[in-house]
Amino acid sequence: MGATDPVKAVEERENRGEEKTEKKKKKQRGVKANDEEEGGDKDELNHHRFLANLNRLNPTNPLRIIVNNGGGGRFTTPPPPNPAQPLRSSSRAPPPIQTPPVRAPPPEEPQPPPSHSPPPLQHQSRSLFSQTPQETLASLNSSKYTNKFFLFLFILHKIAAIGFVCFLVFRGVQGLIGSNGSVKRKEQRILRFLLPQVEAASLLSIVLAFSWQMAIRLWPEFMIHFILWSTFLMSLSSGILLLCFQMPATDGVGVSLIAFSIGNGLYACWVTRRIKFCTKILVKSLEPVSKFSDLNLPTYYMLAAGFFWMSLWIFGVIGALNFYFPPLVIIGLVLSLAWTTEVMRNVVNLTVSRVIALFYLRGMQSSTRFSFQRALSRNLGSACLGSLFVPTIEALRIVARGLNLLKGEDEFMFCCANCCLKLMTFIFEHGNGWAFVQIAAYGKGFVRASQDTWKLFEDVDMVEVVDADITSSICFLTGICSGCVCVIVAVAWTHTVYKPFTATISLLAFFIGYLMTRISMALPHACVSCYYACYAENPESRFFDETIKDRQALIKNGRVVVHTPRVRRALA
């Protein structure tokens, strides 16, 4: 018994040591399991914190944009945890094995309660970028054809005019070669004593057109005064010269020119107070022209096309003398030529307006060639419509204003003057020459562009300013002055060689000189129109100074009296 007791004691101590080591191992295993479980919970919490930080990012943040557009599959937002199952599990079971995420379109997120989560981020980013600069610039390149009906009408008219003029030329050649009577002798006289003067008037008008434009661009301050009074002198001189011939036809033309010169002189005295402001606007509006070296190319093209068409047109007029009802045919040819040259002028107007308007509105230096192609294609219908109605509307508006000025206190004699002025004002708001800026820049139709432009003028209180502008009158008087110069040269030549053609030559020379000069004067006119229209759209642009604002302040303070009559609008 004594010998076995020590052995049992040793065995019991060894068993107790083994139990202690097993307990230690079990404790170590439990600690590791708890650490793994806690580590998994911490990773999950960090992931949710990361997603919450993403949701707080600014919508313009590049990382936020990538997440909203599905740019990365790793950052897809998981569904919110179920509150019945807490993140830290009470059981000591090991966490489930998670498979690596597969790149796929992010699943549709369940809509959480509004009090715990922000609104959908993708919707916010789209609303913030709904109007991007790309969309705004795209509107400047509208591919729609404007006023298609009038485009079709002008093309149809042009095809008919070319065909009819070619037919008249054929009849003229036939009468010149095939006949032996009075028709042949008459056409020979026309070719000898009328055609050279008309062609000389065409060439002289082209020279005058370029001279006027260059002089206005170089010396705008001097040229406004010079045009006002040189037109007065030239029209008076040509009228007196025609009266000196003492022929009934020339007397009628001479009296008309003298009457116009008197009205021109009165107008030059009336607008004296406006000249200073008009000069400032003209100088400022012509500044961007130097940045575009090829801006005058459309003018060259249109003048060359106009000279070619007028030369063919003259042969058509000669052939009309050998056709039925020559006076009616010639009147029709004159109206056709007037519409065609006015369309040419407005094509130049649209081209220059687009180039200058994009410079003012976007700071762009656009291609003149592209703008010219656009004016000849997509915007040609608006040019045709404007060429057909704008001169008539402006002439009738001037007449209505004249009646409104003359009525004075006698409401009985001119009771309809105010009504006529209201009617013409309404028509002018729906069709005016200021519309060509928005037609060229945004590709709008003629009527809508007129309404939008006039609405811009009303919004920034510029109606009185643009009504008092005399740039369009200066361009008109320039054409009249060129026509009178052509009359003096052609009439003096014709009277020395064949007197019966004097009156006819005087009308043709005046008509040709006026139309060709008007084409060249489209460039300064378009520049001034762009200055006003673009200022009305963005008065705070860095391209504009305080000239118009100072003028508006003077008008409001009563220091500048605008004598242009207009309809009084009812106060709200």
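For this structure, a couple of remarks:
- Segment residue 399-residue 308, length gained on full extension (0.36 nm per residue, minus Cα span): 29.3 nm
- For the range 358-391 and the range 545-559, distance of Cα centres in Å: 31
- Label reach from residue 191 (point 7 Å along Cα→C-beta): in the range 312-326, amide nitrogens under 20 Å belong to 312-324.
- Prolate/oblate/rounded call for the range 149-237, Cα gyration tensor, a/c under 1.5 rounded: oblate
- A simple spin-label model places pseudo-atoms 7 Å from Cα toward Cβ; at residue 423 and residue 467 they are separated by 1.9 nm.
- Separation in nanometres of the label points that stand 7 Å from Cα toward Cβ, at residue 376 and residue 430: 3.4
- Estimated D of the range 202-258 in µm² per second, where Rh is the Kirkwood radius over Cα pairs and Stokes-Einstein applies at 20 °C, 1.002 mPa s: 167
- Using the Cβ-Cβ distance between residue 499 and residue 338 with R0 = 30 Å, the FRET efficiency computed as 1/(1 + (r/R0)^6) comes to roughly 0.60.
- A straight line joining the Cα centroids of the range 526-540 and the range 207-232 runs 23 Å.
- Over all pairs of different C-alpha atoms in the range 183-339, the reciprocal of the mean inverse distance, the Kirkwood hydrodynamic radius, equals 19.0 Å.
- Prolate is the label for the range 410-471, because the ratio a/c of its alpha-carbon gyration tensor axes (a ≥ b ≥ c) is 1.5 or higher and a/b is greater than b/c.
- The equivalent ellipsoid of the range 251-373 has semi-axes of 35, 27, 10 Å, largest first, where each one is the square root of 5 times an eigenvalue of the Cα gyration tensor.
- Taking 0.36 nm per residue of separation and subtracting the Cα-Cα distance, full extension of the segment from residue 219 to residue 294 would add 25.0 nm.
- Counted residue by residue at 0.36 nm each, then reduced by the alpha carbon distance between them, the extension gain from residue 555 to residue 211 reaches 120.3 nm.
- 12 Å beta-carbon shell around residue 369, net charge (K/R +1, D/E -1): +1
- In nm, spacing of pseudo-spin labels at residue 246 and residue 266 (7 Å Cα→C-beta vector): 3.1
Throughout, read-outs are computed from the coordinates displayed, never taken from laboratory work. The structure presented is a predicted model; accordingly, all values stated were derived computationally and were not measured. Cβ atoms come from the backbone with ideal geometry, glycine included; neighbour counts cover every protein chain shown.
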